[in-house]
1. Only one of these is within 15 Å of the chain's Cα centre (by Cα), surrounded by 15 or more Cβ atoms within 10 Å (Cβ to Cβ) and farther than 20 Å from residue 3 by Cβ: 41, 18. Name it.
2. On the basis of being at pLDDT 90 or above, within 20 Å of residue 1 (Cβ to Cβ) and either out of contact with any Gly (no Cβ under 6 Å at 6 or more places or on another chain) or in a helix (DSSP H, G or I) (or both), does residue 83 make the cut?
3. May I ask you to say which residue of 68, 64 is more than 12 Å from residue 85 (Cβ to Cβ), more than 16 Å from the chain's Cα centre (by Cα) and among the small types (Gly, Ala, Ser)?
4. Report, by residue number, each residue of the stretch 4-52 that is outside any helix (DSSP H, G or I) and either closer than 13 Å to residue 85 by Cα or among the charged types (D, E, K, R) (or both).
5. Yes or no: residue 67 at pLDDT below 90, outside any helix (DSSP H, G or I) and surrounded by fewer than 15 Cβ atoms within 10 Å (Cβ to Cβ)?
6. Out of all the residues in the stretch 5-50, which are more than 18 Å from residue 77 (Cβ to Cβ) and touching a residue at least 40 places away in the same chain (Cβ under 8 Å)?
7. For residue 35, work out the one condition from (1) in contact with a Leu (Cβ under 6 Å, 6 or more places away or on another chain); (2) crowded, with 16+ Cβ neighbours inside 10 Å it doesn't fulfil.
Amino acid sequence: MLGVEGERQTDFTRWSDALVRALSRPTDQAVRAEIRQSVRALYSYVEQMIHRRRSETGDDLISALAQAEEERQILTPLEILGLAVLL
């Protein structure tokens, strides 16, 4: 749906799992550090996807959202990032 490359599926799953673990508000500092690192990696990856999809449009939601933003509709890159991470 988002257009995540097959070779990045394992990373994407790990990052998504970290977001879910964050909801339990872990107190262990090592777990919190791992979650922060995963979230940063997820944001970086999705930001790169948004940038790529502006010039290499695909048949995925990120492409559609990036294209809408390019056509001066209401989505900003930060809004696209937020929607992608939420999904």
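1. Going through 41, 18 in turn, the sole match is 18.
2. The answer is no for residue 83.
3. Exactly one residue qualifies, and that residue is 68.
4. 4, 5, 25, 28
5. Judged against the criteria, residue 67 is not a match.
6. Listed by number, the list holds a single entry, 19.
7. (1)
The values are calculated or read from the model by the stated rules, or taken from the named source; none is laboratory data. Since the model is a prediction, treat every value here as computed from it, not as a measurement. Backbone-built Cβ (ideal geometry, glycine too); neighbour counts: all protein chains shown.
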